[in-house]
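Single-structure report; data block below.
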Amino acid sequence: MQNIMDKCCDKCQHTPATPCKDYVLCRKQGPLCHEDENCRALRQKLLGQINLPPEAGDRQVLICAGTGCTSSGSPRLVQKLQEELAARGLAGRVQVKITGCHGFCEQGPLMIIEPKHTFYTRVTEEDIPEIVERDLLGDQTVEGRLYKDPQSGELAKTYQEVPFYARQKRLVLHNCGHINPEDIGDYIAQDGYLGLHKALFHMTPEQVIEEVKISGLRGRGGAGFPTGMKWSFVRQAPGDKKYVVCNADEGDPGAFMDRSVLEGDPHAVLEGMLICGYAVGADEGYIYVRAEYPLAIHRLKIAIAQAEECGLLGQNILNSGFNFTIKIKAGAGAFVCGEETALLTSIEGNRGMPRVRPPFPAQKGLWGKPTNLNNVETYANVPLILRQGGTKYAELGTEKSKGTKIFALTGKVNNTGLVEVPMGITMREIIFDIGGGIIGGKKFKAVQIGGPSGGCLPEEQLDLPVDYDSLTAAGAMMGSGGLVVMDETTCMVDVARFFLTFTQSESCGKCTPCREGTTRMLEILTRICNGEGKMEDIETLERLARVVKNTALCGLGQTCPNPILSTLRYFRDEYIAHIQDKRCPAGVCTALLTYRINPEKCKGCGKCARTCPAGAISGEKKQPHIIDPAKCIKCGSCVLGCKFEAIEKV
C-alpha cells in the first residue's frame, strides 16, 4: 500500500504541499480534493466501491467477528459461507466481510446482508446453505433466523427494526459491525482520518483544544473530567517531551465497552490519539491494554502497521511536519492499573501502584514528563468532534453531560449486549426499552452502574437521567459504563460483599485506608451474610466506608465503598433482616437457608438424589424424598435439577 501523500488526483492542480480546503483522503488512491467537479465524481466512484450499499445488485455479507460471536463460532460461519459461495459460483459476486461487535451479544453469532440490511441472529453452519439459496440467490428471507420480539412476537427483517437498536444513538459505535476493522480502507471510506487532516492543515493546536472544549466532551473513563481542559493543561505544561496515553485497561466485571471499540474500530482510537498528540505537543503515544484482550491487541497491531504504511503514523505525517508514534503495552490484568498513575508506573516497567497526586500526570506523568491520559471511548469521540464541529456535538446530551455513552448491559435482562445512548436518557429506557425488561418477567430490584466502584440504584431511581451529576447525587457514578441488572432474587447485602471481595483482592496495599479498611468492611459483610451480624455493625460499616472514601490514596480505594453506601441507603431493610431476623429476604445467603422438599409436589423421580453431591437426599422410588440437614451443603444443585419445583428454600 503506497503512502497516501505520494500523489494527488490528476484531475486538479492541487498538490500534497498545497491542498485545497476540502482536501480528503481516499482508499489507496492518494489524496483527492473536492474543489474540482471531476475530483468529486472520482471520489464518489471510489467510495462507492467500498461503502454500503454495494452497486449493481451485488451482495455483501457482514459477519460479526467480535470476541462474543467469535467464541460462538463465527469464524466457522465465514469459512462455511465462502465454501458455499465458491461451490455455487458466487465468490466474485458476494463479498464476505468480518466486522467488529454489532452489540446484540445475546443473539450472536450475527449476520447482516447488504444492501437490504437483512439481520440474522444465532446463525449456525447448518443455516448457511439455506441463507445462500433463499436470500442471496432467491431474494427471500430465512424467517427462522430473523429476530423475533419476545413481547409482540413480530419478526424484524432489518436491524433498524429491532427495538434493541432503534432506541440507541450510535456515534462512537457507528462503524462497529459495519466495517472490517482489519482494513484501513474501510475506515477511510467512512471519512476516517478526515478529522486528523482538518486539525493538521486547518487548525492550530489551540484551536483543536478549544473545539474539544466547545463540544463539552468529558472523560468516559469514570470521573468525567472535561477532556478539553485536561488537554489544555498538558499543552501549557513546560517541556519538550510529552506523551499521550490511552487507558484500555478495562477491569470492571462484566464490562466490555473499550474492548469492543478496539476490536471493531481501532483506527478511530488511533486517530483520536493523533489529534490529541498534535493538540498537546506530544510525539509519542502508548495504548495500555490488558493481555486478556488478545483480539483487541491483534487488531490494534494491524491498524498501527497499516497507518504507518499509509503515512498516517510515524514521521512527517501527511507531509505536515507532525511526528507521532504509538506503541502497545500489554498489562497483566491488575484492576488497580486502571488508575492513571498506577497505569503509568506499569508502563515504566514497575509494579503498578498509584502515586500521590499532585503532581498530576498533566504536569509530571510518564517518565516524569507531561502526559495526557484518556480512555478508549474518549479518544474515539474526538474524530467525530473534529469532523462535525464541537457545537454540533454539544447539541446531544444534557447541559453538563454532552454526547453519548456506551454501556455494557448485563445481568438479569433479556437483551444483554453493547448499547450507546444519548446522555440524559433514563435508566428505565435502557433496561426496559432497549434491554427488553427482566428475564422471566420477574420484578426489577436494582441496577449496579459503574462497576465495583459504582452504586446500586433501586426501582424508584429508574427515571433518573443518566448523566454524571445525577448519578453522583444518587450515590452512584457513571464509571466506565458497566450496567448490571438485578431482579427480585438478588440479595443486596451479598451484592455489596461480592463487589467488595473483588476490590479488596485487587487493592495494591500501598495505603492503609484501602488495605485495612476494605479487609475490615469485608469481614463485617461476611458476618452479616452468615447470620452473625450485630446492629452496631451497620454503623461501623458506614463509618469505615466514609473513612476509606475520604482518605484512600487512589480512585480504587476512594470509590470501593460505593456499593456498601448505596445498598445501605436504599436497601437498609435487608441488612436489618439479616441481623435481627437471621433471614435473607432474597433467599441467597446459604448460611441463612434450609432446603426442604414439599411432599405434595415431589413425585419421587429420584433426580434430586442423583444430583446431590453430598448424598443428603433419600427416599423410595415414586415416594416423597427428604433432605438430611446435617449432610446438606446448600449448593442448590437439587433445586436446579427438580422439574416439579418441589424443593423449597426456607
Of all C-alpha pairs within the stretch 171-270, those more than 20 angstrom apart amount in percent to 51
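Over the stretch 471-626, what relative contact order in percent results from Cα pairs under 8 Å that are six or more residues apart?
Values: 182 pairs, mean separation 36.3, N = 156.
That works out to 23 percent.
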Amide H neighbours of I287 at under 5 Å, excluding residues fewer than 5 places away on the same chain, with H built from the backbone geometry, are C246, K327, I328, K329
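Just the number, please: percent antiparallel of the DSSP beta bridges in the chain, rounded to the nearest 5.
On the way: 41 of 69 bridges.
If I count the DSSP bridges inside the chain, around 60 percent turn out antiparallel.
Under a 1.4 angstrom probe, counting protein chains only, how are E539, E125, E114, E348 ranked by accessible area, largest first? Working shown, then result.
Numbers: E539 130, E125 70, E114 0, E348 45 Å².
Most to least solvent-accessible, the answer reads E539, E125, E348, E114.
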With all protein chains present, the chain has a carbon and sulfur share of its accessible area (1.4 Å probe) in percent of 48
Rounded to the nearest 10 Å², the 1.4 Å probe accessible area of F233 is 80
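Which value, in debye to the nearest 20, gives the size of the charge dipole of the stretch 101-207 about its Cα centre, when Lys and Arg are +1 and Asp and Glu are -1 at the Cβ?
On the way: 10 positive and 18 negative charges, 106 e Å.
So the dipole magnitude of the stretch 101-207 works out to roughly 520 debye.
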With every protein chain in place, the accessible area of R527 for a 1.4 Å probe, in Å² rounded to the nearest 10, comes to 90
For L500 the rounded accessible area (nearest 10 Å², probe 1.4 Å, non-protein molecules ignored) is 0
From highest to lowest solvent-accessible area (probe 1.4 Å; ligands, DNA and RNA excluded), W367, W231 read W367, W231
Applied in sequence order to the stretch 93-103, the curve 6.51 cos²θ - 1.76 cosθ + 1.60 (Karplus, θ = phi - 60°) yields integer Hz couplings, x standing for Gly and Pro, of 9, 10, 8, 9, 10, 7, 9, x, 5, 6, x
For K369, the lysines lying under 19 Å Cα to Cα, once residues fewer than eight places off in the same chain are dropped, come out as K230, K241, K242, K327, K329
Quick calc, the chain, dipole around Cα centre from Cβ unit charges on Lys, Arg (+) and Asp, Glu (-), nearest 20 debye, gives 1340
Sorted by chain and number, the residues with a modelled amide H under 5 Å from that of F225, at a separation of 5 or more or across chains, are G219
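Would you mind classifying the stretch 79-204 by shape? Square roots of the alpha carbon gyration tensor eigenvalues, ordered a ≥ b ≥ c; an a/c under 1.5 is rounded, otherwise it is prolate if a/b is larger than b/c and oblate if not. Don't skip to the answer; put the middle values down first.
Working: a/c = 2.77, a/b = 1.45, b/c = 1.91.
Oblate, since a/c reaches 1.5 and b/c is not below a/b.
Among the chymotrypsin sites (Phe, Trp or Tyr not before Pro) in the stretch 455-533, which ones are in a DSSP loop with at most 13 other Cβ atoms within 10 Å of the Cβ? Mind listing them? Don't skip to the answer; put the middle values down first.
On the way: sites: Y468, F498, F499, F502; in loops: none.
In loop regions of the stretch 455-533 (DSSP not H, G, I, E or B), there are no sparsely surrounded chymotrypsin sites (Phe, Trp or Tyr not before Pro).
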Excluding residues fewer than 8 positions from K649 in its own chain, the aspartates and glutamates with Cα under 19 Å of it are D487, E488, D494, E574, D581, E600, D628
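Looking at the stretch 561-650, which GluC sites (Glu not before Pro) are in a loop (DSSP not H, G, I, E or B) and have at most 16 other Cβ atoms within 10 Å?
Values: sites: E574, E600, E620, E645, E648; in loops: E600, E620, E645.
Passing sites in the stretch 561-650 are E600, E620, E645.
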Farthest towards the positive end of the dipole of the stretch 358-515, among I431, T371, I449 and with Cβ unit charges of +1 on Lys and Arg and -1 on Asp and Glu, lies the Cα of T371
Dividing the helical contributions, -39500 (n - 2.57) per DSSP H run of n ≥ 4, by the residues of the chain yields a 222 nm value, nearest 500 deg cm²/dmol, of -10000 deg cm²/dmol
Honestly the stretch 298-407 on the Cα gyration tensor test (a ≥ b ≥ c root eigenvalues; a/c under 1.5 rounded, otherwise a/b vs b/c for prolate or oblate) is just oblate
For the table K213/K364; K510/K582; K412/K631, the rows whose alpha-carbon distance is greater than 27 Å are K510/K582; K412/K631
By accessible area (1.4 Å), largest first, M111, M477, M229 order as M229, M477, M111
Note on the stretch 233-380: alpha-carbon gyration tensor, axes a ≥ b ≥ c; rule is a/c under 1.5 for rounded, else prolate if a/b larger than b/c, else oblate; result oblate
Labelled set (i) 56, 24, 21; (ii) 47, 34, 19; (iii) 40, 29, 26; semi-axes √(5λ) of the Cα gyration tensor in Å computed from this model equals the value at (ii)
Restricting to lysines and to Cα separations under 17 Å from K622, and discarding same-chain partners fewer than 8 apart, the set is K601, K603, K607, K643
The stretch 311-351 accessible area per residue, 1.4 Å probe, protein heavy atoms, integer Å², reads 37
accessible surface per residue for the stretch 451-557, probe 1.4 Å, DNA/RNA/ligands not counted, whole Å² -> 37
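Measuring with a 1.4 Å probe in the full set of protein chains, what accessible area per residue, in whole Å², belongs to the stretch 590-645? The partial results should precede the final answer.
Values: 3750 Å² over 56 residues.
Roughly 67 Å² per residue, with all protein chains present.
The values are calculated or read from the model by the stated rules, or taken from the named source; none is laboratory data. Given the structure is predicted, the values throughout are model-derived calculations rather than measurements. Quick reminder, even Gly has a Cβ in these numbers, built from the backbone with ideal geometry, and neighbours come from all protein chains shown. To get the accessible areas, we keep the full protein, side chains included, count just its heavy atoms, and leave off ligands, DNA and RNA. Shrake-Rupley method; radii C 1.70, N 1.55, O 1.52, S 1.80 Å.
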